Structures are given as structure tokens and as C-alpha cells.
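Enquirer: What follows is a structure written as C-alpha cells; I'll ask about it next.
The values are calculated or read from the model by the stated rules, or taken from the named source; none is laboratory data. What you are looking at is a predicted structure, and each value in this text was computed from that prediction instead of being measured. We place every Cβ from the backbone using ideal geometry, glycine too, and count neighbours over all the protein chains shown. Side chains included, ligands, DNA and RNA excluded: accessible areas come from the protein's heavy atoms. Shrake-Rupley method; radii C 1.70, N 1.55, O 1.52, S 1.80 Å.
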Amino acid sequence: MNHHQIQSSVKHPRAIDPAHMKVLLVKPYWQWGPGFEASPPMGLLYLSSSLKKHFPGINTRLLDLRLEKGKLASLEKIIRTWEPDLVGFLSLTGDHAILARLSKAIKIITPHIHVSCGGPYPTHCPEDFQNLVHVDSIVRGEGENSICDLVDYLSGRQTAETLPAKGVGLRQTDGTLTLPDHSPLSPALENMPFPDWDLLDIDLYSKAIQINAVLGGKRYMPIVTSRGCPFHCIYCHAMFGKTARLRSPENVVDEIEILVKQYRVDEIQVYDDIFNIDRERVMTICDLIIRKNLNIKISFPNAIRGDMMDDAMILKLKQAGAYMITFAIETASPRLQKLIRKNLDIEKTIKAIRFANSIGLITRGFFMIGFPTETEDEIKKTIRLPYHLPLTTFSLFSVIPFKGTDLHELAREKTNAKGRLRLSQPDPTYFAPRTYYTDETGISLRKYILIAYFLFFTPLRILRYFIKIPRKALYLRQIMGILKMGFITRKNDLK
């Protein structure tokens, strides 16, 4: 069936007045065990604020199952007691089994509830949702406008024929799912309302394990100051396109000021694809934060491209409140830098790391091993690099060629039948005991990850790290949670 065609036999849903509609926004739990990172789901907060802007009176709630002890029970309880009209899941690639379980549980309780999925998974792997029979619709691409179109459809104000071009695919009466276009990108981010922070318990998130592991403040909140990235790294889903759309410095700092003054937030974590794509914008944002005397801590769990940093920018960020910067180097191999199309200038990045460390910032490095065609010598070169850098800490990941990325296609091209079987698994994770690369080469990535950590975390470096990090008691609690997660994951591996 052509993806622009909707069968005329599709039954229109019972019309629901948006002013009385109840929308439950759900972040699924991680399949690889409790205790893993649970940062505020910014995408869902933007959906809520967009719905409230377009439909005054609409009622939204957030259920983050990563924070719930009885995960399925928590979902079932709110379905029974609150009786939402629409349930929207924010789903990542690899959430297939979880979505199947959760959507089925909803339909068993209340069959007429409309279940929708958005996020990277349906955006890049819409065909995977054909057999998720309890999912009524998917959204591909940015969801703020598409979810409003879906609500218009559920209220009888919009026909099914209009939805595919707006990024919404509907389940047909014959059970098939229409595969829609990507939703049009929002050209002016400043016209979007700020996230709906009222849905959150900020204190709860500030106590949970979050992407930084360390916190400089007591109450933090992520911000997204831009969308899209002009670079072409093959492991990226490119959820927001390949053109950087930037909010103005004034708009960004207005958001920070509201968080500081109204929500008592004292740390901001920047979640952009590439925050420093425009140097003057970075400098102006910092100047405005300083001028307004916001006295905020700033950290970068990602968002920074290291070879676009310079000493003056790093110093200005520190003056504005930055205490931690993550540098994603990925690989020490020039050949692989070209292969993965990151093309990072490693020497410039190392210079930025050295300067950031010299002025007292926590410096964190991200590295990856197990790219298609990567040799054992290239792996060894990458795991040795962190040891020789003035990084406070680092993380090393095994490469997972997620569906919907160019990396996935490259891995398919370069692997034999045995490796291809592992690539087809619906639920890959960074914590799998084996990967496609190990199947293909016989080289254990887990072994090299352990070697890298033992090499890097010497007693002296651990001591320096502990001295440097803020809020040490919170950090120790989070480390215990991470170790618990790792123990449970390893225990499950052995079953």
C-alpha cells in the first residue's frame, strides 16, 4: 500500500473534545535492569507544553517507568484510575519487546484507548511497528505538531487522509500500519513553548542516576538550545535533521532564568546535538548568564564538539558556571574517523581537554570500539588514548549498529551471515555479553573494555577524581546504583 494512501474503510474514532481529553505520556523502563540512567524525558515535556498551547483545558500526565518500582503495575494502575484517552510512548531503538508488553497491558484493561509511539524508534524503524498490534499509531520525526494533529483526528477535526504527510501513521482496519512521511521540521524553535516542567518531580530526578553521574547542584534540569547537526556521523540517528536550528541566546537564557527563579534549579545540563556550532552564540549565552547573575552550575553530558572549542570559549563557559565538559572522541584511529564520518581533529580536541583540565574543569571522554573493519591494533590504540590524556573520567562503549543508522547498513555490508543474524536482533543493548563484532571477529570487546578501565583508573587518578567532583555522597550513592545494575545485568547474562 502506498504510504500516502489511507483506506476508506478506516473507522473514525469516537470523537473526544480536546478540552476534556486526558493524555498520558510514558517513558518506558530500560530492559537491561533497574538502576540505569533516568534523566528527565525532555521530549515528553515538549509534547505536553505543545498540547496545552494548542488545546486549552487538555489534561496531561507523565509516567516515567524508569522511576517506578512496580513498572507494569504502575502503568496498569494509572490506566484504571485515571482512564486516559490517549497514551503516548517515547521509544528508543531497542524498545520493541517493552512496547509490546506495555501496549498489550493497556488494551487488556481498556481496548478503546488510543496508543501511540514516537521518538527515534518509529522515526527510523517504522516497519518494526507492523507487528506491534496493540499500537494504534506512530509518529515519525519531531512530535510537537504531529501529536496535535493526532489529537485533532481523535476529536473529529481532521481526517485520516491528512495525517501521513504530517508524520502520523495509523493502524488500518485490516491490521496494517500506514508508514508516514517524516513530520516537517519546526523552522523556528523560539515559537515553541518551554517544556512543561510542572509534570516533573525535580527532586526525584535529582536523586536518580543521571547521565553525568556527578551533580554540581541540588536540583538540575536539562535544556535543549538547538536541534539538528550538520555533521554526518554514521552511528547517529539524526532525529532532528542535518541542519542546525538554533534558539537565540536571549531565548535560551530566558528559559534558564525561569528554571532558576521559579523552579529553584541550580544546575543546567545541556542536551544539544552540537551546542558550540556557533561560537558567537555560545559567548553571548555565557555573557547573558553572567550579566543576569544567575549563579548556575552548567554541565555538558554531551553537546560539545571538541575540535570546535578554543581556550577563550572554555574559559567563558567556566565563568558562566560550567564545571564539567564531555569530549566525544570515539576512536583514536584516523582511518576510522573517516570511516564513521566524524572526522574529528583529535589534536585540537586534546588541546581543548588539556586547557579545560588546567582551569579546573571536570573533563570526561567518550570512546567506542568495535566498528566494522576495526582491527585489534586500532582497538588497542583507542583504549590507550584515555590513559595518556588529562581526563578526569571516561566511558568506553561497544559499538551497537542500531537500525535506522548508516552504521547498521555498513555493518550489514561488512559482516557474514553469522554476524548478520545478530544485527537482526530487535533489542540490542550496550550491555550485551556479545556483539556482532565479537561474532564476526572472535575478538572480545568486553575484555578490552575491562582492560581500558583497569588501565585508566589508577588509585591516584581515582583519588584526584574524587577530590575534584562535587557532592561526593550523592556520587557514591549513584555509583552503588550503577554497580547494582551491572551485577544484575551480569547475573542475567549467566542464566
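Enquirer: Restricted to the range 58-69, and to residues that are at pLDDT 95 or above and of a type outside the set (A, V, I, L, M, F, W, C), which residue is nearest to the chain's Cα centre (by Cα)?
Expert: Per the stated criteria, the residue is Asp64.
Enquirer: Please go through the range 167-189 and give me each residue that is farther than 14 Å from Asn145 by Cα and surrounded by fewer than 17 Cβ atoms within 10 Å (Cβ to Cβ), ordered by number.
Expert: Correct list: Gln172, Thr173, Asp174, Gly175, Thr176.
Enquirer: Evaluate the following for Gly35: is it surrounded by 16 or more Cβ atoms within 10 Å (Cβ to Cβ), under 19 Å from Ser91 (Cα atoms), modelled with pLDDT under 90 and not hydrophobic (A, V, I, L, M, F, W, C)? Outline the logic, then answer.
Expert: On the way: surrounded by 16 or more Cβ atoms within 10 Å (Cβ to Cβ): yes; under 19 Å from Ser91 (Cα atoms): yes; modelled with pLDDT under 90: yes; not hydrophobic (A, V, I, L, M, F, W, C): yes.
Judged against the criteria, Gly35 is a match.
Enquirer: Now for a separate question. When you scan the range 96-114, how many residues do you find that are surrounded by fewer than 22 Cβ atoms within 10 Å (Cβ to Cβ) and not in a helix (DSSP H, G or I)?
Expert: The total comes to 4.
Enquirer: For residues that are in a loop (DSSP other than H, G, I, E, B), open to solvent by less than 40 Å² (accessible area, probe 1.4 Å) and among the small types (Gly, Ala, Ser), tally how many sit in the range 57-78. Quick ask: steps written out before the conclusion?
Expert: To start, the set of residues in the range 57-78 that are in a loop (DSSP other than H, G, I, E, B) comprises 57-58, 68-70.
Then keep just the ones that are open to solvent by less than 40 Å² (accessible area, probe 1.4 Å); that gives 58, 70.
Imposing the further condition that a residue be among the small types (Gly, Ala, Ser) reduces the set to 70.
Summing the residues that are in a loop (DSSP other than H, G, I, E, B), open to solvent by less than 40 Å² (accessible area, probe 1.4 Å) and among the small types (Gly, Ala, Ser) in the range 57-78 gives 1.
Enquirer: In the range 278-297, which residues are in contact (Cβ under 8 Å) with a residue 60 or more places away in the chain and either under 24 Å from Ala332 (Cα atoms) or outside any helix (DSSP H, G or I) (or both)?
Expert: Ile296, Lys297
Enquirer: I've got another one for you. Which of (1) more than 27 Å from Gly321 (Cβ to Cβ); (2) outside any strand (DSSP E or B); (3) open to solvent by 10 Å² or more (accessible area, probe 1.4 Å) is the odd one out, the single condition Phe397 does not satisfy?
Expert: With (1) more than 27 Å from Gly321 (Cβ to Cβ); (2) outside any strand (DSSP E or B); (3) open to solvent by 10 Å² or more (accessible area, probe 1.4 Å) applied to Phe397, the lone miss is (2).
Enquirer: Can you tell me which residues in the range 216-231 are farther than 29 Å from Thr93 by Cα and open to solvent by 50 Å² or more (accessible area, probe 1.4 Å)?
Expert: Result: Lys218, single match.
Enquirer: What residue, among those in the range 332-374 that are among the basic types (Lys, Arg) and in contact (Cβ under 8 Å) with a residue 12 or more places away in the chain, is nearest to Gly321 (Cα to Cα)?
Expert: Restricting to residues being among the basic types (Lys, Arg) and in contact (Cβ under 8 Å) with a residue 12 or more places away in the chain, the top hit is Arg364.
Enquirer: Hey, another quick one. Based on this model, can you work out whether Lys380 counts as among the charged types (D, E, K, R) and modelled with pLDDT under 95?
Expert: When the stated conditions are applied, Lys380 does not pass them.
Enquirer: Still on this model: Please count how many residues of the range 232-277 are open to solvent by less than 60 Å² (accessible area, probe 1.4 Å), assigned to a loop (DSSP other than H, G, I, E, B) and over 30 Å from Cys125 (Cα atoms).
Expert: 3
Enquirer: Then there's this: Mind listing just one residue for me: the one in the range 303-326 that is among the basic types (Lys, Arg) and out of contact with any Phe, Trp or Tyr (no Cβ under 8 Å at 6 or more places or on another chain) and, of those, least open to solvent (accessible area, probe 1.4 Å)?
Expert: Once the filter is applied, the top-ranked residue is Lys316.
Enquirer: Here is a further query. Within the set of pairs 6 or more residues apart or between chains, which connect a residue that is at pLDDT below 95 inside the range 70-86 to a residue that is surrounded by 16 or more Cβ atoms within 10 Å (Cβ to Cβ) and in a helix (DSSP H, G or I) with Cβ atoms less than 6 Å apart?
Expert: Taking only residues 6 or more apart or on different chains, the pairs are Lys71/Leu65.
Enquirer: Leu86 - would you say it is in contact with a Ser or Thr (Cβ under 7 Å, 6 or more places away or on another chain) and open to solvent by less than 10 Å² (accessible area, probe 1.4 Å)?
Expert: Spelling it out, Leu86 is indeed in contact with a Ser or Thr (Cβ under 7 Å, 6 or more places away or on another chain) and open to solvent by less than 10 Å² (accessible area, probe 1.4 Å).
Enquirer: Let me ask something else about it. Looking at the range 380-395, I want the residues that are farther than 12 Å from Ile369 by Cα and have a partner that is buried (at least 21 other Cβ atoms within 10 Å of the Cβ) and among the hydroxyl-bearing types (Ser, Thr, Tyr) with Cβ atoms under 6 Å, at least 6 apart or on another chain. Which pairs are those?
Expert: Qualifying pairs under 6 Å: Leu391/Thr363; Thr392/Thr363.
For (1) assigned to a strand (DSSP E or B); (2) in contact with a Lys or Arg (Cβ under 8 Å, 6 or more places away or on another chain), each residue gets a yes or a no:
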position: Ile304; (1), (2): no, no
position: Asp307; (1), (2): no, yes
position: Ile314; (1), (2): no, no
position: Gln319; (1), (2): no, no
position: Met324; (1), (2): yes, yes
position: Asn343; (1), (2): no, no
position: Ala352; (1), (2): no, no
position: Phe355; (1), (2): no, no
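Enquirer: Enumerate the pairs (first residue in the range 149-162 and among the acidic types (Asp, Glu); second residue anywhere and surrounded by fewer than 18 Cβ atoms within 10 Å (Cβ to Cβ)) with beta-carbon separation below 8 Å, excluding pairs fewer than 6 apart on the same chain, so at least 6 apart or on different chains.
Expert: Qualifying pairs under 8 Å: Asp149/Gln158; Asp149/Thr162; Asp152/Gln158.
Enquirer: For the subset of the range 155-166 comprising residues that are outside any loop (DSSP other than H, G, I, E, B) and open to solvent by less than 40 Å² (accessible area, probe 1.4 Å), which member is farthest from His124 (Cα to Cα)?
Expert: Ala160
Enquirer: I would also like to ask the following. Given the criterion in a loop (DSSP other than H, G, I, E, B) and either surrounded by 23 or more Cβ atoms within 10 Å (Cβ to Cβ) or among the polar types (S, T, N, Q) (or both), identify the matching residue among Thr81, Thr93, Thr123.
Expert: Numbers: Thr81 fails: in a loop (DSSP other than H, G, I, E, B); Thr123 fails: in a loop (DSSP other than H, G, I, E, B).
Matching residue, one of Thr81, Thr93, Thr123: Thr93.
Enquirer: If you scan the range 128-141, which residues turn out to be in contact with a Leu (Cβ under 7 Å, 6 or more places away or on another chain) and assigned to a helix (DSSP H, G or I)?
Expert: Across the range 128-141, the qualifying residues are Phe129, Gln130.
Enquirer: Would you list the helices (runs of 4 or more DSSP H) that sit entirely within the range 410-495 and hold 1 or more residues that are surrounded by fewer than 16 Cβ atoms within 10 Å (Cβ to Cβ) and modelled with pLDDT of 85 or more?
Expert: Values: elements: 417-423, 436-441, 445-456, 459-468, 472-493.
Per the criteria, 445-456, 459-468.
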